[in-house]
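Everything below concerns the one structure shown next.
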Amino acid sequence: MLTVTSVNVNGLRAAAKKGFVDWLAATEADVVCLQEVRAEAHQLPDDVREPAGWHTVHAPAAAKGRAGVSVYSRREPDAVRVGFGSAEFDGSGRYVEVDLPGVTVASLYLPSGEVGTERQDEKERFMAEFLPYLVALRARAAADGREVLVCGDWNIAHTEADLKNWKANRKSAGFLPEERAWLTEVFAEYTDVVRALHPGVEGPYSWWSYRGRAFDNDSGWRIDYHVATPALADRARKAAVERAASHDLRWSDHAPVTVAYEL
């Protein structure tokens with residue numbers, strides 16, 4: 001089995017103080033993909049930067065205190081690649097991939113966007129560059145006899161089942177028709193693993209705003225995905241959102257999304 005967890009930590013230094021370190025010590029995952037690390041490696045405590053028993057890859061953003069992705073793996077990667085060949089985005093701390101036996105695992109933090117602003121323009125530029133990369137990545141992997149798993153915060157809810165208040169968010173970043181259509185294109189090449197294992201249900205949500213009682217009311221969004229090549233997705237045996245037992249036990253506004261694959 002290969003168990004992989006993806007989680008947006010909403011600032012790794014803060015998460016480490018709230019419970020991430022204990023969670024990492026207890027997890028049975030073989031690979032952990034982190035997003036929104038918001039720190040350079042040297043700024044992280046030793047037990048977070050290079051915890052015992054883990055090989056770590058950190059890809060911070062050039063802009064300090066923003067974005068940042070990491071991959072923790074029990075086995076040392078055979079290869080590491082930061083970015084996806086984009087002049088604009090390779091230094092933005094939004095994508096890193098590692099080669100493990102038979103599979104390439106990536107951590108993605110897609111821009112969140114904001115309607116009517118440059119942030120939404122940035123998101124659209126990222127999407128336009130990233131989709132062709134994903135298509136080419138799948139083709140390269142197939143030629144090498146490898147599978148691909150892109151985990152992360154994709155910052156788009158695909159369908160009405162992927163957010164509680166979808167009617168109120170039809171004109172909001174993260175649920176715009178063009179964003180959802182783009183994700184449909186992605187899912188023409190890859191499989192949304194958690195949805196494949198949990199069809200016909202609302203959620204399971206992975207992000208809840210800190211505002212109001214969103215967490216207590218389970219008024220969330222499902223924006224954290226395991227996106228896998230179809231053959232790997234077919235080997236997924238179980239998926240779970242590791243939702244905290246209560247609001248005060250959260251160490252991020254996202255919950256870890258964990259999938260076990262039979263390799």
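Only a single criterion out of (1) more than 16 Å from residue 189 (Cα to Cα); (2) not in a helix (DSSP H, G or I) is not satisfied by residue 104, namely (1).
Considered as a group, the residues in segment 159-182 that are touching a residue at least 40 places away in the same chain (Cβ under 8 Å) and closer than 16 Å to residue 193 by Cα include one that is least open to solvent (accessible area, probe 1.4 Å), and that residue is 162. In this structure, is residue 147 in contact with a helix residue (DSSP H, G or I) (Cβ under 8 Å, 6 or more places away or on another chain) and crowded, with 16+ Cβ neighbours inside 10 Å? Yes: the conditions hold for residue 147. Listed by first and then second residue, the pairs with beta-carbon distance under 9 Å, at least 6 apart or on different chains, first residue in segment 244-263 and in a loop (DSSP other than H, G, I, E, B), second surrounded by fewer than 12 Cβ atoms within 10 Å (Cβ to Cβ) and not basic (Lys, Arg), are 246/216; 250/210; 251/22; 253/210; 262/1; 263/1; 263/101. Listed residues 253, 248; which is at pLDDT 95 or above and of a type in the set (D, E, K, R)? Residue meeting the stated conditions: 253. Considering only segment 74-94, I want to know if a residue exists there that is open to solvent by less than 30 Å² (accessible area, probe 1.4 Å), in a strand (DSSP E or B) and of a type in the set (Ser, Thr, Tyr). Looking through segment 74-94, none of the residues is open to solvent by less than 30 Å² (accessible area, probe 1.4 Å), in a strand (DSSP E or B) and of a type in the set (Ser, Thr, Tyr). Given 205, 109, 190, which one is under 23 Å from residue 31 (Cα atoms), out of contact with any helix residue (DSSP H, G or I) (no Cβ under 6 Å at 6 or more places or on another chain), in contact (Cβ under 8 Å) with a residue 60 or more places away in the chain and not small (Gly, Ala, Ser)? Every option except 109 fails the conditions. In this structure, is residue 37 within 15 Å of the chain's Cα centre (by Cα), under 18 Å from residue 228 (Cα atoms) and in contact (Cβ under 8 Å) with a residue 12 or more places away in the chain? Taking the combined requirement at face value, the residue does not satisfy it. A count restricted to segment 1-55 and to residues that are polar (S, T, N, Q) and in a loop (DSSP other than H, G, I, E, B) stands at 2. For beta carbons closer than 7 Å, sequence separation of 6+ or different chains, a first residue in segment 80-93 that is more than 14 Å from residue 67 (Cα to Cα) and a second that is hydroxyl-bearing (Ser, Thr, Tyr), the qualifying pairs are 84/95; 84/133; 85/133. For residues in segment 229-240 being under 27 Å from residue 15 (Cα atoms) and in contact (Cβ under 8 Å) with a residue 40 or more places away in the chain, which is most open to solvent (accessible area, probe 1.4 Å)? Top of the filtered list is 238.
The values are calculated or read from the model by the stated rules, or taken from the named source; none is laboratory data. Bear in mind the structure is a predicted one, so any value in this text is a computation, not a measurement. All Cβ positions, even for glycine, are placed from backbone atoms using ideal geometry, and neighbour counts span all protein chains on display. When the accessible area is computed, the model is the full protein with side chains, heavy atoms only, and any ligands, DNA or RNA have been set aside. Shrake-Rupley method; radii C 1.70, N 1.55, O 1.52, S 1.80 Å.
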